[in-house]
Amino acid sequence: QLAATPVADIIANHAIGLWELALLHLSPDEGTAPDLDQARLAVDGVAALVEGLGDRLGRHHEPLREALAQLRLAFVEVSRRAEAGNAGGDEGG
């Protein structure tokens, strides 16, 4: 059954798994800080698949490219909030 599944579908599934993993590290449970290093690794994994394979992913390429762009925006936003929080904490104490 696995051999009958197009490889692009399987790769896309793995890319989405990495995308979800990145989101988990960007927005952990309440009271826990984001793990930016782990999130960055997952984002880079998605990018390696999406940008590395490009059009070879067929119908999956464009949706994955858009998902990667949104993930990168989320990473930047969370990073900025974390930096602002750290800067505020340093000034207060």
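Scanning segment 69-80 for any residue that is aliphatic (A, V, I, L, M) and open to solvent by 100 Å² or more (accessible area, probe 1.4 Å) turns up at least one such residue. Just to verify a result, which residue in segment 15-52, among those that are assigned to a loop (DSSP other than H, G, I, E, B) and in contact (Cβ under 8 Å) with a residue 24 or more places away in the chain, is farthest from P63 (Cα to Cα)? By that ranking, first place goes to A33. A single member of E91, E83, E62, E66 is modelled with pLDDT of 95 or more, more than 15 Å from the chain's Cα centre (by Cα) and of a type in the set (D, E), and it is E62.
If you filter segment 1-43 down to residues that are of a type in the set (S, T, N, Q) and at pLDDT 95 or above, you find that the one that is most open to solvent (accessible area, probe 1.4 Å) is N13.
On the basis of being open to solvent by less than 50 Å² (accessible area, probe 1.4 Å) and either among the aliphatic types (A, V, I, L, M) or within 24 Å of N86 (Cβ to Cβ) (or both), does V46 make the cut? Yes; evaluated as a whole, the condition is true for this residue.
The values are calculated or read from the model by the stated rules, or taken from the named source; none is laboratory data. Keep in mind that what you see is a predicted model, and the values were worked out from it rather than measured. Don't worry about glycine lacking a Cβ; one is built from the backbone with ideal geometry, like all the others, and counts go over all protein chains shown. What goes into the accessible areas is simple: the full protein's heavy atoms, side chains included, and nothing from ligands, DNA or RNA. Shrake-Rupley method; radii C 1.70, N 1.55, O 1.52, S 1.80 Å.
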